[in-house]
Structure formats: C-alpha cells, structure tokens
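The values are calculated or read from the model by the stated rules, or taken from the named source; none is laboratory data. Since the structure is predicted, the reported quantities are computational estimates derived from the model, not experimental observations. Note that we place each Cβ from the backbone using ideal geometry, even for glycine, and neighbour counts take in every protein chain shown. Surface accessibility is based on the protein's heavy atoms, side chains included, excluding ligands, DNA and RNA. Shrake-Rupley method; radii C 1.70, N 1.55, O 1.52, S 1.80 Å.
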Amino acid sequence: MIRRSLWVTLVTSLSTFLLAGPATSAESLQQVMKRRGLSQEDLLAAAKTYVPTGGRDEFVAFSSGGQSGHVIVYGIPSMRILKYIAVFTPEPWQAYGYDEESKAVLAQGRMDGRDITWGDTHHPAISETNGDYDGQYLFINDKANPRIAVIDLHDFETKQIVVSPVFQSEHGGAFVSENTEYVIQAAQYAAPLGGEYSPLERFNEDYRGGVTYWKFNREKGKLEPENSFSIELPPYSQDLSDFGKLASSGWSFTNSFCSERYVGGIERGRPPFEAGCSAKDTDYLHVINWKKAAQVAAAGKATKINGHDVIMMDTAIEEGLVYLIPEPKSPHGVDVSPDGKYIVISGKLDSHTFVYSWKKIQDAIAAKDFVKKDPYGIPIIALETALHTQVPLGLGPLHTQFDSAPGVAYTSLYVDSMAARWDYVNGKLLDRLPIHYNIGHLMTMHGDTVKPRGKYLVALNKLAIDRFNPVGPLHPQNHQLIDIGGDKMSLLRDMPLPLGEPHYSVAIEAGLLKPAIRYRVGTNTRTGEISPHKTRAGEEKIERNGKKVTVHGTLIRSHITPEIIEVDEGDEVTIHLTNLERAQDQTHGFTISKYNVNGSWEPGKTATVSFTADTAGVFPFYCTEFCSALHLEMQGYLLVKPKGYKAKVGELMPKEQYDQEDYEKQVATNVATQKTIDGVVSYITGRNYRQFATAAALFEDAAEQLEYAAEMKAKAEEEAANGNWHSATLWAGQWWQYQVKAADLGLRAKTHLEQAGAGPAM
Ligand code: RUQ
Ligand code: CUA
C-alpha cells in the first residue's frame with residue numbers, strides 16, 4: 001500500500017502548495033537592477049512587455065515558419081511562443097502526418113504523384129469581414145511548391161491544402177479580399193502554365209506568369225478549386241500582391257520583378273540572373289479588376305488548363321481586366337492603405353518608396369490614358385500619371401504596414417537595417433529606428449486591414465548575428481518588438497525564433513479569437529465531422545476480417561481500452577481511438593514501440609493509426625502525454641504472434657493474489673477518502689462557485705470523476721458479492737483512483753474560490 005500513502009501525500013502537498021502565496025524576495029528593485037546591469041529604459045521596456053504569470057497577451061500573432069512549413073503563433077507584447085501549427089510538414093506532437101486523418105490532409109498537397117514533406121511558408125492571412133480580421137480562418141502559401149493551406153482558428157488545425165493547377169512556383173499569396181471571397185496566389189518564376197516542357201529559347205512565347213483567385217466557401221471552411229480561376233500574365237516574375245479595399249474594392253494589385261524577361265545561363269558565359277533581372281529602371285505593377293474577372297470566368301470565357309479556368313491574356317485585355325504601371329526597380333511589397341486610396345510600393349534597388357493614387361489610376365483607366373502597350377498588348381499607364389508622391393525613406397525599402405493614426409505608415413529598410421515611420425499622404429519621413437539586423441517584413445496590429453490598431457510594430461529580421469547566446473553557425477531568427485505608441489519609436493524586446501525563416505506575420509486582437517477547448521466526442525478534427533469510428537465507453541472492440549484487424553478503443557485517465565491487442569505476424573492493424581475526456585487540456589497520446597506509430601488525442605477527438613504487424617514480438621504501447629499521476633500506468637501490450645506459433649502447455653495468466661482482507665482494507669480507505677471529498681464538495685457548493693469559470697470547470701470535471709468512481713464502486717461490489725476477491729480488490733482500487741482525481745480537482749477548485757474571495761451560495 002506504499003503507493004496509496006504516496007497519493008495522500010501528493011494530494012496534501014498539492015493543496016499546501018496551492019495555498020501558499022508566492023515567495024517574497026528580499027532583494028529590492030534597485031538591487032536587482034544593479035546586479036543585472038539594467039537601465040531605467042530596460043525596466044520600462046520590461047514593464048511594457050511583461051505579462052505576469054497566468055496573464056494574457058493583448059494580441060496574437062501568426063507568423064510564417066518559412067522552411068519549417070509551419071505557422072508560429074505568439075503573444076504580443078510578451079513575445080511568448082504559444083504554438084507551432086503544422087501545415088505543410090509532418091509534426092509528431094500534433095501527430096500531423098502520423099494519424100490517418102491528418103495524412104489525408106497532407107495527401108491533398110501531393111504534386112505530380114509525389115509526397116511533398118515540407119513547405120516554404122511565406123505569407124499568412126487572417127480571414128476578413130468588411131476588411132477587418134474576423135479571427136475565423138488563417139491561410140498561408142507555400143512558395144516552393146505552389147500551394148495554399150487553410151487553417152481553422154476554431155482549433156488551430158490545418159484542414160485543407162490546395163495545389164496550384166497552373167503554376168510551377170509562386171510567391172504572392174496568401175492575401176484575402178475584404179470579405180474573404182477570394183484568396184490570392186500569384187506566380188513567381190515564369191514557366192509554361194500547366195507544367196508542360198518548353199525550352200528557355202521560347203521563354204517569351206511559352207513561359208507565363210499569372211494570378212490565381214481561390215474561391216473561399218466560409219460555411220464549409222474550404223477553398224473551392226471548381227469555383228476558382230486564374231488570369232494568364234506575361235512572364236514577369238509576379239511577386240507580392242494585395243487586395244484593394246473600400247475605395248479600391250474589387251481590384252487587386254500584384255507587382256513583379258525581372259520584367260526584363262532574362263533567362264540566365266551563367267554556365268553558358270552569360271551574366272547571371274541577378275544582373276539580367278535588374279537591368280531596367282522599372283518593373284510593372286499589375287492592376288487587376290478581379291470582380292469583373294470573376295464574372296468573365298463565370299460567363300465561360302476562360303480556357304481550361306488542367307481542368308482549371310484560366311482567363312487568357314487576350315481575353316483579359318479585351319475585357320479590360322489588366323493594366324500595367326511602371327514601378328521602382330525590383331520591388332518587393334505592394335500594400336494598399338486602410339482607406340484603399342493609396343498603393344505603396346518600394347523598390348529594393350531604389351531608395352524611394354512610391355505612393356500611387358487609386359483615384360489617378362482609375363481616372364487613367366476610364367480615360368484610356370495609356371502611354372503604350374507591353375509586348376503582350378497590355379495597356380500601360382504612365383508612372384507620372386498614377387503617382388501620388390515618392391519619398392526617400394532609406395536604402396532597400398521593402399514592405400509597408402499602417403498605423404491607427406491616419407496617413408502614417410511604417411516601411412522596412414533592408415539595406416539600412418531600419419524601420420521608417422512616415423506620412424504617405426504628405427510624403428514626409430517622420431522617424432527612423434535602427435533594427436538588428438536587416439529587416440524583411442514588418443507588421444503592425446491589424447496593420448493591413450481597414451482598421452489598423454497601432455500600438456506595436458514587429459520587425460521580422462533576416463539576420464540575428466550577435467543578438468543572442470551563440471548556438472552554432474545556424475542562428476535563431478529575430479523578431480523585434482517596437483513601441484509605436486509615442487512620438488518616437490522605441491525598441492522593446494528581441495525574440496529569438498528557433499524555427500525559420502519567417503517572412504510575414506499578422507497580429508489580431510486576442511479577444512477576436514474564439515478557439516474551442518474540446519471537440520464533440522468522436523470528432524474527426526481534420527474534417528470537423530463525427531468519425532464513423534467514434535467509440536464510447538463500453539463499445540470498445542477488436543475485430544478480425546481475414547488478415548485485417550480493426551481495433552475500436554478509448555482513452556481516458558489513466559487507461560487505454562483495450563490494453564492487450566493480440567495479432568498474428570503479417571496482420572494489417574488499424575486502431576481507431578477516441579479520447580473520452582471532457583476536461584480542459586486532457587490530451588492523451590498513443591505509441592507502439594518500434595512500429596513508428598504515434599498519435600495525439602485532444603478531448604473528444606477520434607483518430608486512427610495503422611500499420612502492418614510484420615515483426616513478431618512483444619511491443620509495449622503507452623500514452624505519451626503526462627496526463628495524470630498514473631500516466632506511466634497508461635499502458636498496454638501489442639502481442640504479435642510469430643507465424644505458426646503454438647501455445648505451450650501450462651501457459652497461464654499470472655496467479656491471483658488478493659483476498660477478502662485486501663478488499664475490505666481498500667474499501668475502508670475509499671470510505672475515508674469519500675469523507676474528505678464530501679467536505680470539499682460541501683465547501684464548494686456552499687459558495688457561489690458558478691460565478692468563477694475556472695472553479696466551475698474544475699468542479700464539473702471533479703463531478704465527472706466521481707461518476708466514474710461510482711461505476712467502479714458498483715463493479716467492485718458486484719465482484720465482492722460473487723466472492724471474486726481479487727477482481728473486487730482491483731476494481732475497488734480503480735474506484736479509489738477516481739476519488740483521488742476528484743479530490744485533486746476539488747481541492748484546486750476550493751483553492752481558487754478561496755483566493756478569489758468567493759461569497760456564499762445564493
Ligand atoms: S517575402 S521578406 Cu515572401 Cu518579403 Cu520574404
Ligand atoms: Cu494519458 Cu498519459
């Protein structure tokens with residue numbers, strides 16, 4: 001009974017721990033500052049970003065995870081990492097790419113019959129309603145393998161991957177229209193549309209760029225390839241894009257580089273791409289009427305390429321869907337102002353940032369005020385005609401984000417390693433702040449919406465160099481948090497990111513996110529539907545059909561049902577498990593040693609693992625999440641019998657060892673435990689605990705555990721009545737386990753109520 005006394009100690013020490021207040025430090029603030037060499041500014045920055053233990057951040061950021069193929073979620077201003085969302089790449093903890101349900105999502109991203117096990121994620125986009133983030137969905141692109149993924153922010157899981165039917169690479173995605181009607185994906189490196197071969201000699205004739213508008217069905221939470229379309233564009237290396245908003249609603253903007261149409265060939269003695277692609281002084285901004293384009297596609301005027309609607313250039317020109325405007329050399333970002341009246345573009349190789357006027361562009365289109373046509377016949381509006389102003393901000397300007405103050409924007413200066421704050425309406429530089437080092441994207445709160453929130457700016461830096469403790473030649477990434485609430489920008493904090501390389505990120509007011517804490521029991525989380533393999537307590541079974549063995553099992557603290565799975569060598573085994581927990585954060589894992597089987601089950605989830613039992617032997621399986629004090633005991637065996645195995649005479653399960661005395665001892669313990677529990681319960685029910693969400697949830701969980709305890713009690717008593725003392729003792733032990741869990745939860749609820757100063761029940 002050593003284990004039992006340990007339990008009591010655990011429960012008591014837990015409650016003492018919870019009741020004791022935080023340890024007080026004898027050191028004064030001044031002493032700490034001196035010891036750690038902190039300045040007043042450091043302290044101020046710390047105070048502006050510190051979120052006390054148990055506290056919450058004001059904003060939640062979603063950052064691209066670059067080559068990791070993931071999305072990184074972190075809080076602002078604390079810059080604490082909250083989650084990695086697996087998108088294009090398997091991730092074992094979330095079991096993404098390990099259970100059959102998530103494998104099916106990754107399989108949607110197969111290309112040319114090939115599994116692609118990574119992605120180069122660049123630009124996340126939060127779904128919008130009336131031009132502002134609504135917190136429902138997140139989209140992100142894969143630059144290397146032209147794909148877009150849909151993440152449901154109800155559970156932060158990837159639900160869908162769509163593959164471009166026409167492009168060989170992309171970059172200008174994902175960006176959403178004001179009501180998330182469409183998600184944009186622009187090609188990057190030109191190639192024949194649809195993946196055909198053509199020699200580089202035919203670059204100008206056969207190679208093409210383009211922009212895809214993926215139709216989003218909000219009710220289903222899915223992109224609809226059948227209702228999506230593309231526009232064929234010249235082979236100009238289309239780059240970043242943005243949707244128009246308010247004044248420029250219905251239009252979208254995509255810039256480009258290498259409009260020189262240079263094809264490289266350094267090994268053939270030709271100057272490299274970088275020289276040939278930056279020879280001209282300007283590239284082209286593509287101005288596209290997407291609303292009209294959608295009508296043109298719907299009217300059947302598109303050509304099918306790989307079953308996908310493509311509006312060919314001739315049609316696009318004829319229908320007045322596409323216009324070009326020269327833009328500064330090798331541009332990167334194109335960003336539409338919150339009112340939709342201005343379009344900001346920076347050329348990496350031009351020290352000016354250009355502001356175009358939507359009004360002037362519109363007037364030029366209406367008046368057919370074009371200077372000439374490009375080699376493919378697309379009308380070109382003169383730069384002077386469309387330009388509102390150009391401002392010398394610094395060297396290597398890249399991306400722009402907006403402030404809550406009207407007319408104020410922030411632009412990253414890659415070469416100067418600075419962030420510039422400026423007035424894009426009046427063309428004035430306001431402030432510059434050094435960044436460490438080489439800033440790429442930058443991001444303000446809701447900074448690309450119709451309603452930027454100001455407050456903070458995050459610099460997504462390309463290099464970290466000497467900012468952190470060295471960890472070898474591959475450095476962490478560095479996101480720097482900047483206070484933009486005052487007259488001058490001030491640097492608050494460095495955040496090392498050990499996952500790279502992030503490009504863009506977006507940040508939403510935390511209160512706009514409403515993630516679930518549990519699933520309806522039996523949910524296939526990747527489809528959101530109830531799984532046909534949902535299994536309730538008591539419905540667990542192992543079935544055989546020829547060589548196929550199917551297990552329907554359940555997970556709940558602290559056991560896996562079934563605990564013994566016996567198969568024959570060569571059997572194909574499928575295990576469907578359902579996590580029956582309703583309690584918050586009670587995830588269970590499941591692995592079978594040496595079979596590369598791994599899964600994660602959040603409360604309510606049903607998921608499936610499968611394998612061929614091709615190695616005979618004894619393979620322990622267990623829960624991989626430290627879910628409870630008896631987590632280590634959440635175990636079982638897969639027994640794979642070798643071909644032709646014959647049981648030896650006398651093979652028996654180990655002998656029974658408990659008698660009536662043991663049973664009675666256990667029952668006495670349980671009765672005593674119940675007294676303690678009753679005391680806690682009456683304390684809680686005597687208070688207005690329902691007004692304290694945390695306490696109420698803990699109490700609810702405790703009540704559930706007590707129901708299980710009652711079930712176990714009934715089983716124990718039934719066995720005892722039949723004189724099966726061994727079984728009766730074990731069931732009584734199980735009854736006690738549930739009591740302990742209930743006591744633990746009840747005590748936590750009680751402590752919470754005491755600390756919160758709960759009053760008497762009404
Ligand atoms: S891009 S900075 Cu996709 Cu700007 Cu990388
Ligand atoms: Cu369930 Cu550990």
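Taking interchain pairs and intrachain pairs at least six residues apart, which have beta carbon atoms under 7 angstrom, with the first residue in the range 92-115 and assigned to a strand (DSSP E or B) and the second not hydroxyl-bearing (Ser, Thr, Tyr)?
Hits for this filter: 96/86; 96/90; 111/145; 111/163.
For residue 157, work out the one condition from (1) more than 27 Å from residue 99 (Cα to Cα); (2) away from ligand 1 (no atom under 16 Å from the Cβ) it doesn't fulfil.
The failed condition is (1).
Checking the structure you have, find out if any residue of the range 165-175 is among the hydrophobic types (A, V, I, L, M, F, W, C) and surrounded by fewer than 18 Cβ atoms within 10 Å (Cβ to Cβ).
No, the range 165-175 contains no residue that is among the hydrophobic types (A, V, I, L, M, F, W, C) and surrounded by fewer than 18 Cβ atoms within 10 Å (Cβ to Cβ).
Got a number for residues in the range 24-69 being among the aliphatic types (A, V, I, L, M) and in a loop (DSSP other than H, G, I, E, B)? Outline the logic, then answer.
Step one: filter the range 24-69 for residues among the aliphatic types (A, V, I, L, M), giving 26, 29, 32-33, 38, 43-47, 51, 60-61.
With the extra rule that they be in a loop (DSSP other than H, G, I, E, B), the set shrinks to 26, 38, 51.
Matching residues across the range 24-69 total 3.
Restricting to the range 739-762, name every residue that is closer than 17 Å to residue 700 by Cα and of a type in the set (S, T, N, Q).
Selection gives 739, 751.
Criterion first (open to solvent by 20 Å² or more (accessible area, probe 1.4 Å), touching a helix residue (DSSP H, G or I) at 6+ places or on another chain (Cβ under 6 Å) and either within 26 Å of residue 68 (Cβ to Cβ) or modelled with pLDDT under 95 (or both)) does residue 492 satisfy it?
Yes: the conditions hold for residue 492.
Sort out which residues of the range 358-369 are surrounded by fewer than 17 Cβ atoms within 10 Å (Cβ to Cβ) and either closer than 27 Å to residue 398 by Cβ or hydrophobic (A, V, I, L, M, F, W, C) (or both), and write them in order of number.
Scanning the range 358-369 gives 359, 362, 366, 367.
Pick from the range 612-633 the residues that are out of contact with any Lys or Arg (no Cβ under 7 Å at 6 or more places or on another chain), at pLDDT 95 or above and open to solvent by less than 20 Å² (accessible area, probe 1.4 Å): which of them is nearest to ligand 2 (Cβ to nearest atom)?
The selected residue is 623.
It is to be established whether one or more residues within the range 438-445 are surrounded by fewer than 17 Cβ atoms within 10 Å (Cβ to Cβ) and more than 16 Å from ligand 2 (Cβ to nearest atom).
There is no residue in the range 438-445 that is surrounded by fewer than 17 Cβ atoms within 10 Å (Cβ to Cβ) and more than 16 Å from ligand 2 (Cβ to nearest atom).
Mind telling me which of the residues 528, 546, 500 ends up being within 16 Å of ligand 1 (Cβ to nearest atom), small (Gly, Ala, Ser) and open to solvent by 20 Å² or more (accessible area, probe 1.4 Å)?
500
Which one is nearest to ligand 1 (Cβ to nearest atom) among residues in the range 581-611 that are hydrophobic (A, V, I, L, M, F, W, C) and modelled with pLDDT of 95 or more?
Once the filter is applied, the top-ranked residue is 607.
Within the range 407-449, which residues are part of a loop (DSSP other than H, G, I, E, B), under 24 Å from residue 248 (Cα atoms) and more than 31 Å from the chain's Cα centre (by Cα)? First the steps, then the outcome.
Let us first name the residues in the range 407-449 that are part of a loop (DSSP other than H, G, I, E, B), namely 407, 414-417, 424-427, 435-438, 446-449.
Cutting the leftovers down to under 24 Å from residue 248 (Cα atoms) gives us 407, 424-427, 446-449.
Those that are part of a loop (DSSP other than H, G, I, E, B), under 24 Å from residue 248 (Cα atoms) and more than 31 Å from the chain's Cα centre (by Cα): 407, 424, 425, 426, 427.
Can you spot a residue in the range 335-343 that is within 16 Å of ligand 1 (Cβ to nearest atom), of a type in the set (D, E, K, R) and at pLDDT 95 or above?
Yes.
Mind checking which strands (runs of 3 or more DSSP E) fall wholly inside the range 450-543 and carry at least 1 residues that are acidic (Asp, Glu), more than 24 Å from the chain's Cα centre (by Cα) and over 30 Å from residue 239 (Cβ atoms)?
Values: elements: 454-461, 477-483, 490-497, 505-509.
The strands (runs of 3 or more DSSP E) meeting that bar are 477-483.
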